[in-house]
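K.L.:
Below is the structure I would like to discuss, written out as structure tokens.
The values are calculated or read from the model by the stated rules, or taken from the named source; none is laboratory data. Everything numeric here is computed off the predicted structure, so don't read it as measured data. Virtual Cβ from ideal backbone geometry, glycine too; neighbours counted across all protein chains shown.
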Amino acid sequence: MSQVIIAGDTSGTITLQAPAASGSTTLTLPATTGTLSINGPAFSAYQNTSTAVTASTLTKVLFNVELFDTNSNFASSRFTPTVEGYYQVNARVGLSSSVLTRSVAQIYKNGANVNSMEDTNGSTAYSSIGSALIYMNGSTDYLEIYVFLAGTTTIYDGGATLTWFQAAMVRGA
């Protein structure tokens, strides 16, 4: 018969021991305040239609289709996780214009730029794509994507593979 042993002391540390083939396997949870989250929030959203924006103006990118939102933390093109931790954030803004002279997409945290994305371009297709590992406090921090387009035709493309925004918790705080 196997048994799991749960041990604790006045430090607040909890240790779980379970029998293994040789000896025991131990999982130690550190003494901390807050919530331990094994599976944190994650979402993936995209823009499904091409959108014209004002030239040479920083514009919030709108994401109107959610592929998934595990904790209901994505709304109005904004991710506001309710679990404190470190989040892997990925985004791409696809562009299609032969008259585009400059494009920069940025990850914004609480209204300020925290990461500018790489600008790549081809003959008629452009994109800004990037990622960052960002700490979120789980209560007031939020993320959004902004884009700056310069040229005579300023449009970002819609579609699940062209303009998207994703984040997932990778580690608690």
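K.L.:
Report every pair of residues separated by at least 6 positions or lying on different chains whose Cβ atoms are under 8 Å apart, first residue within segment 135-156 and on the phi > 0 side of the Ramachandran plot and in the same structural domain as GLU84 (by TED's automatic domain parsing), second surrounded by 17 or more Cβ atoms within 10 Å (Cβ to Cβ) and in a strand (DSSP E or B).
P.N.:
Going by the 8 Å Cβ cut-off, the qualifying pairs are GLY138/GLY85; GLY151/LEU100.
K.L.:
All but one of (1) over 11 Å from GLN166 (Cβ atoms); (2) surrounded by fewer than 20 Cβ atoms within 10 Å (Cβ to Cβ) hold for LEU67, so report the exception by its number.
P.N.:
(1)
K.L.:
So, in segment 78-91, exactly how many residues are touching a Phe, Trp or Tyr at 6+ places or on another chain (Cβ under 8 Å) and surrounded by fewer than 16 Cβ atoms within 10 Å (Cβ to Cβ)?
P.N.:
Selection size over segment 78-91: 2.
K.L.:
Further question on the same structure: Could you list all residues from segment 136-160 that are among the aromatic types (Phe, Trp, Tyr) and either farther than 30 Å from THR82 by Cβ or more than 19 Å from the chain's Cα centre (by Cα) (or both)? First the steps, then the outcome.
P.N.:
So in segment 136-160, the residues among the aromatic types (Phe, Trp, Tyr) come out as 142, 146, 148, 156.
The answer is PHE148, TYR156.
K.L.:
How many residues does segment 147-158 hold that are buried (at least 17 other Cβ atoms within 10 Å of the Cβ) and in a strand (DSSP E or B)?
P.N.:
Start the filter on segment 147-158 by keeping residues that are buried (at least 17 other Cβ atoms within 10 Å of the Cβ), which leaves 147-149, 151, 154, 156-158.
Checking the rest, the ones that are also in a strand (DSSP E or B) come to 147-149, 151, 156.
Final tally of qualifying residues: 5.
K.L.:
Check whether at least one residue in segment 44-51 is at pLDDT 70 or above, of a type in the set (Gly, Ala, Ser) and surrounded by fewer than 14 Cβ atoms within 10 Å (Cβ to Cβ), and report yes or no. Working first, answer last.
P.N.:
Here is the first cut: in segment 44-51, the residues at pLDDT 70 or above are 44-51.
With the extra rule that they be of a type in the set (Gly, Ala, Ser), the set shrinks to 44-45, 50.
Within this subset, residues satisfying the condition of being surrounded by fewer than 14 Cβ atoms within 10 Å (Cβ to Cβ) are none.
Within segment 44-51 (the criterion being at pLDDT 70 or above, of a type in the set (Gly, Ala, Ser) and surrounded by fewer than 14 Cβ atoms within 10 Å (Cβ to Cβ)), the answer is no, since none of the residues qualifies.
K.L.:
Something else about it: Would you check which residues across segment 84-114 are touching a Leu at 6+ places or on another chain (Cβ under 9 Å), among the hydrophobic types (A, V, I, L, M, F, W, C) and over 19 Å from LEU143 (Cα atoms) and list them?
P.N.:
Once the filter is applied, which keeps residues that are touching a Leu at 6+ places or on another chain (Cβ under 9 Å), among the hydrophobic types (A, V, I, L, M, F, W, C) and over 19 Å from LEU143 (Cα atoms), segment 84-114 yields LEU95, LEU100.
K.L.:
I'm told THR161 meets every condition in (1) closer than 20 Å to TYR46 by Cβ; (2) outside any loop (DSSP other than H, G, I, E, B) except one. Can you identify the failing condition by its number?
P.N.:
With respect to (1) closer than 20 Å to TYR46 by Cβ; (2) outside any loop (DSSP other than H, G, I, E, B), THR161 is out only on (2).
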